[in-house]
Amino acid sequence: MSNIWQFVNKKHSVSLTIMFLLLMITSALADTDVFKTTLPNGLTVLIKENHTLPIVATTVLYKVGSRNEISGKSGKAHLVEHMMFKGTEKFKKGEIYSSVQKHGGMLDAYTSEDYTYYSLSLPAKYLKIALAIEADRMRNCVFDPMEFVSEKKVIIEERKMDLDSPFVSFRDENLKKAFKVHPYRNSITGSIEEIEGFTREGILNFYNTYYQPNNAILVVVGDIQTDSTLKLIKKLFGQIPEGPDPPQVTIIEPEQKQEQRLELKQRVTHPIIQVLFHVPPNDTKDSYALQVLDYILTGGENSRLIKKLVKEQPIFTFIGSSYYESLDPYIYSITAELKEGVSSQKAEADLFNEIDSLKQDPPLKHEIKGAKNQLEMGALFLQESINDQAELLATTEFFYGIEQLQKYAQEIESITREDVQRVAQKYLVKKNRTVGWLLPRDK
């Protein structure tokens with residue numbers, strides 16, 4: 001079951017950021033407590049003091065992900081992510097890991113569709129080490145030829161393991177069915193053939209194009225002083241030259257005119273349905289209404305789909321959904337596993353009948369209130385660490401702008417029953433959906 005849920009919530013912690021936003025407004029992370037500036041070289045800097053514990057977290061978010069890759073060349077950002085740990089001019093092979101670990105720290109990174117994220121956390125007195133690492137790998141990664149070949153092999157093995165999972169291969173194929181031209185259709189990791197075809201020169205060119213201070217957000221959160229931290233940032237990052245503006249993504253996914261369908265047979269014990277609806281990007285009136293709709297449908301034991309189709313009339317063993325943050329129009333997904341003995345035809349019909357009921361009648365007042373409470377309570381249950389705070393600040397700045405936090409709360413609060421009904425009628429329709437079925441192989 002855990003593998004399936006990982007498959008349902010595929011966008012790593014990105015999908016958690018929306019839930020964090022309300023918490024940020026109502027807690028010590030209010031935007032008035034965050035110092036923001038932009039260095040002359042274009043680097044956006046956010047600093048947040050948190051003296052709860054003597055630790056510090058740094059985050060560098062680069063505004064590049066699989067969205068910035070062309071078909072046939074996907075996987076570059078993910079490969080760069082790996083190479084960013086393999087040595088710089090100042091930190092030789094293995095020294096990034098050893099420098100952090102011997103001082104009691106941790107480091108992490110991930111690549112998403114829209115951005116790439118790097119984090120370090122250390123005792124606060126070692127802040128300079130974290131910043132020195134991030135400053136040097138912003139422009140001085142060496143891309144050692146032997147390490148490059150070795151890391152390609154590592155990623156190819158990772159991809160083989162991914163493809164061995166029926167859920168990952170199904171998800172990838174369903175996205176390709178939903179998106180015809182936009183890079184969102186591509187795998188973040190890239191295909192094995194694409195990875196094998198990457199050259200050191202090509203990846204180095206990608207790095208030089210996108211990994212620049214003017215295409216990055218640096219966040220520092222922890223037991224630090226803003227003034228001295230900013231002084232250190234200016235010293236380490238201020239001398240990095242601004243790069244040319246990276247090329248913009250101009251590919252527009254054409255409007256879907258009719259339902260798309262996919263059927264795959266894999267090593268699963270029960271059929272799984274995944275429905276993808278095209279939805280607008282962040283920061284539109286409809287996007288806020290869709291977030292509330294998401295919680296009405298699957299946000300807890302008393303949500304519509306779970307209460308009706310898992311508990312009262314058990315058609316599915318579970319149902320999950322995800323509304324993702326994105327720069328371009330993306331998808332709202334609903335994924336469910338069938339209960340033993342239920343036909344796929346009945347399951348699909350019952351699922352869409354329940355969704356259609358939201359189009360016919362607006363949700364009840366208590367459903368709207370409950371969904372808004374769920375948005376806030378979901379964040380409260382997560383109880384952010386300073387690493388969470390740093391990631392939150394970086395992704396919020398990237399998607400919305402840190403100044404827009406209060407607007408977010410106001411927009412969510414303003415959503416009405418009629419708004420939810422309207423977006424259900426507009427987006428959760430047959431011609432706008434891709435219906436994928438993952439079925440057990442014939443015995």
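The values are calculated or read from the model by the stated rules, or taken from the named source; none is laboratory data. None of the values given here were measured: they were computed from a predicted structure. Note: ideal-geometry Cβ built from the backbone for every residue, glycine included; neighbour counts use all protein chains shown.
Just a few scattered comments:
- Lone qualifier among V220, V181 - being modelled with pLDDT of 95 or more and either of a type in the set (S, T, N, Q) or surrounded by fewer than 17 Cβ atoms within 10 Å (Cβ to Cβ) (or both): V181
- Pair list, Cβ under 9 Å, 6 or more apart: the stretch 287-301 residue in contact (Cβ under 8 Å) with a residue 60 or more places away in the chain and on the phi > 0 side of the Ramachandran plot, other residue in a helix (DSSP H, G or I) and of a type in the set (V, I, T): G300/I306
- Qualifying residue in the stretch 406-415 (condition: within 30 Å of S119 (Cα to Cα) and touching a strand residue (DSSP E or B) at 6+ places or on another chain (Cβ under 8 Å)): no
- Out of I233, I240, I252, one residue alone is closer than 17 Å to V56 by Cβ and among the β-branched types (V, I, T). It is I233.
- With respect to (1) of a type in the set (A, V, I, L, M, F, W, C); (2) under 28 Å from V249 (Cβ atoms); (3) in a helix (DSSP H, G or I), the lone exception for V181 is condition (3).
- From the list R200, R171, R159, the one residue that fits, being of a type in the set (K, R) and in contact (Cβ under 8 Å) with a residue 60 or more places away in the chain, is R171.
- The stretch 282-317, residues that are assigned to a strand (DSSP E or B) and either at pLDDT below 95 or buried (at least 22 other Cβ atoms within 10 Å of the Cβ) (or both): F316
- Checked against the criterion of being surrounded by fewer than 18 Cβ atoms within 10 Å (Cβ to Cβ) and under 27 Å from G401 (Cα atoms), the stretch 71-87 contains not a single residue that satisfies it.
- Look at (1) crowded, with 17+ Cβ neighbours inside 10 Å; (2) in contact with an Asp or Glu (Cβ under 6 Å, 6 or more places away or on another chain) and you find that Y332 fails only one, number (2).
- Residue in the stretch 171-179 that is among the basic types (K, R), farther than 27 Å from T269 by Cα and touching a helix residue (DSSP H, G or I) at 6+ places or on another chain (Cβ under 8 Å) present: no
- K265 assigned to a helix (DSSP H, G or I) and either more than 18 Å from Q425 (Cβ to Cβ) or of a type in the set (S, T, Y) (or both): no
- Selection of the stretch 390-412 for residues being farther than 20 Å from A216 by Cα and either modelled with pLDDT of 90 or more or among the basic types (K, R) (or both) yields only K407.
- Of all residues in the stretch 158-167, none are of a type in the set (S, T, N, Q), surrounded by 13 or more Cβ atoms within 10 Å (Cβ to Cβ) and assigned to a helix (DSSP H, G or I).
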